[in-house]
Amino acid sequence: MSDFFSTYGFLLVSMMLAAMLALSLYLPLMSGQLSLASPGFYALGGYIAAVLSTKVFTATGDLYPVPLLLLEMLIAGVASGALAIVVGVPALRLRGIYLALATIAFVEVLQVLALNLDVTGGAVGIFGVPQPFRTQIEYAWIAAPMLILAMFFVYRLERIRVGRAFIAIKEDELAADAMGVNPTVNKVLSFTMGAVLAGMVGAIGAHFLNTWNARQGTFDASIAYLAFVLIGGSRTFLGPVLGGMALTALPEILRALSGNGSLPLWLTEFMKDGRFILYGLLLVLGCVFLPQGFVTPAFFSRWSKKAHAAKLKRAA
Amino acid sequence: MNFATFIQQLLNGLSIGSVYAIFALGYTLVFSILGIINFSHAAVFTLGAYFTFTLMGGTFGFNGVLANASVPVQLPFAVALIFGSVLAGLMAVLIERLAFRPLRVRGADPLLTLVSSLGVAILITNLIQYLVGAEIYTFPASTYGDLPPAIDFGKLLGLGQIVPVRTVQIVIFVVSVVILIILTLIINRTRFGKALRAVAEDTTTASLLGINTDLFILLTFFLSGFLGGVAGTLVGSSVSIAGPYFGISFGLKGLAVIVLGGLGDIPGAVVGGLVIGLAEAFVPPEYSGYKDAVAFGILFVVLLIRPRGLLGRTIIQKV
């Protein structure tokens with residue numbers, strides 16, 4: 001078992017972080033806003049943690065204190081949230097594809113800043129971020145509870161007034177407005193929630209990866225998170241979580257499959273060198289054949305007799 | 001900034017701006033008809049450059065499956081440019097059939113089509129890397145035949161000082177302008193262009209009037225891919241093909257161009273391309289690190305102040 005954890009520790013924690021990043025994109029999507037800004041806040045959170053832990057908090061001793069890591073996460077979350085409000089208030093007047101484009105621009109501008117400022121270490125980035133744990137799997141002590149908290153938060157959110165307001169805006173903004181739901185406040189709120197989550201994950205990420213540079217918040221990352229949400233399913237919070245985990249593990253699974261010798265050699269070679277080709281193909285096939293994603297609300301209703309009865313009634 | 005540098009930067013800006021324009025027209029044509037941003041356009045741009053490189057008799061490096069392969073033809077640049085771009089156009093048609101049409105037939109969410117087109121971009125980019133490796137390919141030095149590498153604009157304009165301008169820039173500018181003129185004539189003066197505009201205005205009504213909309217969507221994708229291929233070849237021949245990813249950042253700048261011009265607006269894409277090309281050319285050298293932020297800064301500001309673009313018209317949101 002310990003062998004398993006030492007081999008796959010990095011992958012397991014990566015999967016948890018990816019699930020949270022997918023949730024950070026799902027939150028604005030709850031109110032119908034396609035925002036690709038998550039990698040920007042993720043990068044920001046990472047830089048805050050990297051700068052604080054290497055330049056400000058000079059902890060002595062073997063391991064970096066965990067309470068300081070938690071403090072960094074708090075600061076990263078607050079800073080990301082504040083920036084999200086500043087950017088979100090004007091940007092969320094835009095709808096659909098325009099908002100997506102504005103957030104792409106936001107991520108690119110942040111990346112250029114990261115490449116050019118002194119505090120972020122330019123193109124080289126920040127090295128030697130201190131480690132609070134001896135092995136990578138131990139990061140699960142932070143990542144797993146945080147993932148569970150985030151999932152519980154979104155699960156509850158889907159069932160209370162604020163979350164229902166988000167969903168009302170997603171279904172029809174004008175109708176929601178007419179019913180007394182303030183679209184601007186709620187859209188900015190959902191955008192900010194996603195940003196806070198992404199910023200906090202970034203703070204973990206900087207320690208986890210040990211180094212932080214401008215390659216962390218890129219357009220590619222935006223696309224990967226979007227794929228997590230849309231392939232996983234954008235109708236319930238479990239979709240992004242499972243999508244993030246599965247798609248992060250996929251390259252490793254393909255690599256493991258190609259390594260055990262049970263497949264013909266040409267296929268093995270292809271899976272090793274061309275696994276991103278499969279990744280792209282899977283995205284296209286997923287959109288064409290599974291437009292709702294893998295996890296849909298109907299997926300759960302199989303266990304619920306009430307929903308089943310309602311379905312029969314609709315069919316009749 | 002002295003006058004010579006000004007002229008040089010002006011021509012640089014016009015030349016890169018005109019490539020932005022023809023590239024962004026590829027996005028805009030598809031958007032005007034389907035209301036979808038086709039992210040695979042950036043990958044078609046990359047493909048076009050590789051196609052032309054191959055048709056000119058270029059040999060691939062030792063990485064990738066097609067190591068040291070080459071085709072047994074050596075076409076001159078102008079011919080290879082046309083054939084390479086036609087191939088890129090055919091690729092765009094294939095992409096439409098496989099990644100757009102199945103979703104359109106079902107009436108899927110436009111955002112889903114966007115992700116599907118991104119999937120195609122990832123697929124093509126990594127397929128290129130798998131086949132020919134990630135190294136930089138440079139077009140042969142004799143690409144433009146016997147033209148001198150630079151032309152002295154100071155002598156041409158009688159300025160009394162030397163203002164060297166790379167021939168590449170002029171070739172790019174001339175090719176782009178010629179293509180822009182032909183395209184404008186096709187769209188505004190021919191029966192084909194009229195039908196195309198009708199489909200863009202209202203697909204359902206156009207089909208009721210006897211226009212084969214499905215065919216026109218395919219033709220639009222072909223045109224879009226052709227323009228992407230030309231742009232890719234021109235950029236590749238002016239600098240080099242900087243690996244399979246070289247279309248991606250160009251593709252993002254293309255988005256800035258079409259938003260600036262107004263999504264789906266054809267003259268707007270041309271104006272937007274020139275504005276962004278010139279804005280980038282006039283970034284002072286000490287801030288050159290921020291050059292890539294210019295397009296996105298403009299994009300962000302335009303979205304906030306005038307979301308319909310410079311020349312775009314207001315669309316009334318109906319319930």
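Derivation of every value follows stated rules applied to the coordinates shown; laboratory data play no part. It should be emphasised that the depicted structure is a prediction, and the values quoted were computed from it without experimental measurement. Cβ placement follows ideal geometry from the backbone for every residue including glycine, while neighbour counts extend to all protein chains displayed.
For segment B:210-319, a crude dipole built from +1 on the beta carbon of Lys and Arg and -1 on the beta carbon of Asp and Glu, taken about the Cα centre, is about 340 debye to the nearest 20.
Legend: mean number of C-beta atoms from other chains within 10 angstrom of residue C-beta atoms, peptide B:123-129, equals 5.
Helices in chain B that qualify as membrane-span-like (whole DSSP H runs, Cα extent of at least 20 Å along the helix axis, mean Kyte-Doolittle hydropathy of 1.0 or higher) are B:3-34, B:41-55, B:77-95, B:110-132, B:167-189, B:213-238, B:246-261, B:266-281, B:291-305. Between B:A150 and B:T167, the built amide H atoms are under 5 Å apart, and every one of these is 5 or more places off in sequence or on another chain. The three principal axes of the Cα atoms in segment A:32-153 give end-to-end lengths of 50, 39, 22 Å, sorted in falling order.
Taking the Cα centre of the protein assembly as shown as reference, the dipole from Cβ charges on Lys and Arg (+1) and Asp and Glu (-1) amounts to some 2020 debye. The convex hull built on the alpha-carbon positions of segment A:69-131 has an orientation-averaged projected area of 5.5 nm².
Measuring max minus min along each principal axis, the C-alpha atoms of the protein assembly as shown give extents of 74, 68, 56 Å (largest first). Set the Cα radius of gyration of segment B:1-140 against 2.2 N^0.38 Å, with N its number of residues, and you get 1.25. Which percent of the Cα-Cα distances in segment B:113-203 go past 19 Å? The share of Cα pairs beyond 19 Å in segment B:113-203 comes to 71 percent. Restricting the calculation to Cα atoms, every distinct pair contributes to the Kirkwood radius of segment B:189-319, found to be 17.0 Å. In the protein assembly as shown, taking the dipole from charged Cβ atoms about the Cα centre, the farthest positive-side position among A:P132, A:A195, B:Y245 is held by A:A195. Would you list, by chain and number, the aspartates and glutamates whose Cα falls below 14 Å from the Cα of A:K187, excluding same-chain residues fewer than 8 positions away? Answer for A:K187, where 14 Å is the Cα cut-off: A:E171, A:D172, A:E173, A:D177, listed by chain and number. Put simply, when B:21-29, A:126-134 are sorted by average Cβ atoms within 10 angstrom per residue, most first, you get B:21-29, A:126-134. What net charge is computed for the residues neighbouring A:I104, neighbours being all others with C-beta under 14 Å from the C-beta of A:I104, Lys and Arg scored +1, Asp and Glu -1? That works out to -2. Rounded if a/c is under 1.5, else prolate if a/b is larger than b/c, else oblate: which is segment A:10-59, with a ≥ b ≥ c the root eigenvalues of its Cα gyration tensor? It comes out oblate by the Cα gyration axes. Coupling constants for segment A:37-53 follow from the phi torsions by the Karplus curve (6.51 cos²θ - 1.76 cosθ + 1.60, θ = phi - 60°), and in residue order they are 7, 3, x, x, 6, 4, 5, 4, x, x, 5, 4, 5, 5, 5, 4, 6 Hz; glycine and proline get x. Taken as Cα centroids, segment A:1-74 and segment B:171-244 sit 45 Å apart, rounded to the nearest whole angstrom. Look at the stretch B:300-308: the mean tally of other chain Cβ atoms within 10 Å of its residues' Cβ atoms is 5. Peptides A:25-32, B:260-267, A:250-257, A:114-121 ranked from most to least packed, by the mean per-residue count of other Cβ atoms within 10 Å: A:25-32, B:260-267, A:114-121, A:250-257. Per-residue packing, averaged as other Cβ atoms within 10 Å, sorts the ranges A:233-241, A:156-164, A:280-288 into the order A:233-241, A:280-288, A:156-164, beginning with the highest. Listed by chain and number, the aspartates and glutamates placed with their C-alpha closer than 19 angstrom to that of A:K55 are A:E72, A:D118; residues fewer than eight positions away on the same chain are left out. Here the residues A:M16, A:M245, ranked from fewest to most Cβ neighbours within 10 Å of their Cβ, fall in the order A:M245, A:M16.
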